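J.: Have a look at this one before I ask anything.
Derivation of every value follows stated rules applied to the coordinates shown; laboratory data play no part. No experiment lies behind these values; they were computed from the predicted model shown. Methodologically, a virtual Cβ is constructed for each residue, glycine included, from the backbone with ideal geometry; neighbour enumeration extends over all protein chains shown.
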Amino acid sequence: MSVHSAIAPGQVAVITGGANGIGLAVARRLVDLGLRVALADCDAAQLAVAGDALGGKALLVETDVASRASVAALAARVEGELGPVAVLMNNAAIGGGGDILADPAGWDRLLAVNLHGVIHGLQQFLPGMITSDRPGLVINTGSKQGITQPPGNTAYNVAKSGVKSVTEGLAHTLRERVGDRITAHLLIPGFTYTGMTTRHFKEKPPAAWTPDQVAQTMLDGIARGDFYLWCLDNETSWEVDRRRVLWNAQDITEGRPALSRWHPDWKDVFADFASRE
């Protein structure tokens, strides 16, 4: 079964944040499927290593997705050297940021990369994809944190919530303008051992998925036509994730305090809810 009509030999794919982790794992899959891949990343050294790992089969473009001009330069180079883009994966992201009273500079940088970087990618590449008569595929990398909102890193949650909203709005816009010729999808990784998590863990924790597992789950979901490409990990089942999502939404409908899952008056109630058969 074909994954997607845009994923075909000779087609062009762009992946931001492609020097390691999920982006590199997806790049390997696409190269193996015969696509011409452009990898964009702000880390030139890591980008060179990634290029070697792909056997020199990718165009490597040092890019800061927080800069509209840098993403415009990426688009121009890809168009000039590889041709029109069929697959766009806005995957670049950084950690840090912190809670609401954390360093404002950290907030600014995280939002610039994790949210505005996605917007820049869409605004640079989508017009050409829309005006063409070719199939297209857009994947934006979100996070479970953008949905369940665990406390501790509000900046990251805000950015990934924004990516969710942008991608949902994009799916509607594309459906209205081009039908199903170009589809949009939200990748939602769980606990994954990537370059972002290696700062905290020298080796992959048993609970974490590998980037390859996320990449395969992404492709399987796209083949099914799923919008929400939900990933698990090695310690959290779909049923547990489903209950966490439902509980978070029901904070509104049931009039509970914000983030009641972690509220001292409600955390035991949530624990009971989450453990029901």
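J.: Once fully extended, how much extra length lies between Tyr228 and Asp99, figured as 0.36 nm per residue of separation less the alpha-carbon to alpha-carbon distance?
T.: Gain on stretching Tyr228 to Asp99: 43.8 nm.
J.: Another one. What's the ranking of 17-27, 87-97 by average number of surrounding C-beta atoms within 10 Å, highest first?
T.: Working: 17-27: 26.4, 87-97: 24.0.
Ranked from most to least packed, the peptides come out as 17-27, 87-97.
J.: Counting only residues 5 or more places away or on other chains, whose amide H sits under 5 Å from the amide H of Thr183 once H atoms are built in the peptide plane?
T.: Amide H neighbours of Thr183: Gly136, Leu137, Val138.
J.: Mind listing which trypsin sites (Lys or Arg not before Pro) in segment 175-253 are in a DSSP loop and have 15 or fewer other Cβ atoms within 10 Å?
T.: Sparse-neighbourhood loop trypsin sites (Lys or Arg not before Pro): Arg199, Lys202.
J.: In the chain, which longest range has no chymotrypsin sites (Phe, Trp or Tyr not before Pro) that are both DSSP loop (not H, G, I, E or B) and surrounded by at most 15 other Cβ atoms within 10 Å?
T.: 1-200
J.: A further question on this structure: Translational diffusion coefficient, Stokes-Einstein: compute it for segment 237-277 using the Kirkwood radius over C-alpha pairs as Rh, at 20 °C and 1.002 mPa s, and state it as an integer in µm² s⁻¹. The partial results should precede the final answer.
T.: On the way: Rh = 10.2 Å.
For the chosen part, D equals 210 µm²/s.
J.: Using Cα-only point scatterers and the Debye equation, what is log10 of I(q)/I(0) for the chain at each q in 0.10 Å⁻¹, rounded to two decimals?
T.: The Debye formula, applied to the Cα set alone, gives -0.52.
J.: Helix-only mean residue ellipticity at 222 nm, the chain, DSSP H runs n ≥ 4 weighted -39,500 (n - 2.57), per residue, nearest 500. What is it? Please list the in-between numbers first.
T.: Working: 10 runs with 131 residues, N = 277.
Value at 222 nm, helices only, nearest 500: -15000 deg cm²/dmol.
J.: GluC sites (Glu not before Pro) within segment 212-255: which are DSSP loop residues with at most 10 other Cβ atoms inside 10 Å?
T.: Answer in residue order: Glu254.
J.: Amide H of Asn234 versus every other amide H placed in the peptide plane: which residues, excluding those fewer than 5 positions away on the same chain, fall under 5 Å?
T.: Ala208, Trp209
J.: Okay, next question. Straight-line reach only, C-alpha to C-alpha below 19 angstrom: list the aspartates and glutamates that Lys267 could link to, leaving out same-chain residues fewer than 8 apart.
T.: Output for Lys267: Glu239, Asp241, Asp251, Glu254, Glu277.
J.: First measure r as the distance between the Cβ atoms of Ala45 and Thr173, then evaluate 1/(1 + (r/R0)^6) with R0 = 41 Å and state the FRET efficiency to the nearest 0.05.
T.: It comes out at approximately 0.65.
J.: Next up: Are there GluC sites (Glu not before Pro) in segment 150-213 that DSSP puts in a loop and that have at most 11 other Cβ atoms within 10 Å, and which ones?
T.: Glu203
J.: Can you return the aspartates and glutamates within cross-link range of Lys57? Criterion is Cα-Cα under 20 Å, with same-chain partners fewer than 8 residues away left out.
T.: Asp32, Asp41, Asp43, Glu79, Glu81, Asp212
J.: Considering the chain as a Gaussian network with a 10 Å cut-off on Cα pairs, which listed residue, Pro206, Pro150, Pro135, attains the greatest mean-square fluctuation?
T.: Pro206
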